[in-house]
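Only one structure is covered here, and it is reproduced in the block below.
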Amino acid sequence: GFDSGAYEASNVYLDSDGGLYKWYTATAGTGTYYMSNTTVSICPKGWRLPTGASGGEFQALYNNYNSPLALRSSPVNLTLSGRVSSSSRDYQGSNGYYWSSTVYSSSNAYYLGLNTSDVNPANYVNKYNGYSVRCIAR
């Protein structure tokens, strides 16, 4: 299930699309309530979360592909896996949300959001939402 506690396996919502994680879990418990970007993540060794905000790697990815369809196609293959918000799953099949390693404020972090017609590579949201992760090579 999806839990609002500390960094642990219960903070992962798993289904056929993979896992949805709170930002604290996605940053392996190192992303604190205080404003601090993190280089640590749940990604495998040699991989990490992309950076966010207007100058981040998600923005560069969007600038390179410049289309929601291109981002959902090979080689990027982002999925519309939805999110967990207030402990309920929604937007599955219509929207995709991906955490970055970049904080916006003590309670918010940047993410990339997309649907079938739009992409926002530099939005931010409360860190307690359950979003997907896409790891990139270090």
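The values are calculated or read from the model by the stated rules, or taken from the named source; none is laboratory data. Please read these numbers as outputs of a predicted model, since none were measured by experiment. Backbone-built Cβ (ideal geometry, glycine too); neighbour counts: all protein chains shown. Side chains are part of the model used for accessible areas, which takes the heavy atoms of the whole protein and leaves out ligands, DNA and RNA. Shrake-Rupley method; radii C 1.70, N 1.55, O 1.52, S 1.80 Å.
Scanning region 74-101 for residues that are closer than 14 Å to ARG134 by Cα and β-branched (Val, Ile, Thr) turns up VAL76, THR79.
Please work out if SER117 is in contact with a Leu (Cβ under 7 Å, 6 or more places away or on another chain), at pLDDT 95 or above and open to solvent by 30 Å² or more (accessible area, probe 1.4 Å). Against the criterion (in contact with a Leu (Cβ under 7 Å, 6 or more places away or on another chain), at pLDDT 95 or above and open to solvent by 30 Å² or more (accessible area, probe 1.4 Å)), SER117 does not qualify.
Applying the set (1) of a type outside the set (Gly, Ala, Ser); (2) part of a helix (DSSP H, G or I); (3) surrounded by 12 or more Cβ atoms within 10 Å (Cβ to Cβ) to TRP99 leaves exactly one unmet item: (2).
Of the residues that sit in region 123-138 and are part of a strand (DSSP E or B) and of a type outside the set (Gly, Ala, Ser), which one is least open to solvent (accessible area, probe 1.4 Å)? Going through the qualifying residues, I end up with TYR131. The set of residues from region 35-80 being part of a loop (DSSP other than H, G, I, E, B), of a type in the set (Ser, Thr, Tyr) and in contact with a helix residue (DSSP H, G or I) (Cβ under 8 Å, 6 or more places away or on another chain) comprises SER41, THR51.
Per the conditions (1) buried (at least 21 other Cβ atoms within 10 Å of the Cβ); (2) assigned to a loop (DSSP other than H, G, I, E, B), the sole criterion not satisfied by ALA109 is (2).
For region 83-96, the tally of residues that are surrounded by 18 or more Cβ atoms within 10 Å (Cβ to Cβ) and under 15 Å from LEU71 (Cα atoms) stands at 1. Residues in region 39-66 that are open to solvent by 50 Å² or more (accessible area, probe 1.4 Å) and either without any contact (Cβ under 8 Å) to a residue 12 or more places away in the chain or over 15 Å from the mean Cα position of the chain (by Cα) (or both): PRO44, LYS45, SER54, GLY55, ALA60, ASN63, ASN64, TYR65, ASN66. Take VAL103 and tell me if it is touching a Ser or Thr at 6+ places or on another chain (Cβ under 7 Å), of a type in the set (Val, Ile, Thr) and in contact (Cβ under 8 Å) with a residue 60 or more places away in the chain. Answer is yes for this residue.
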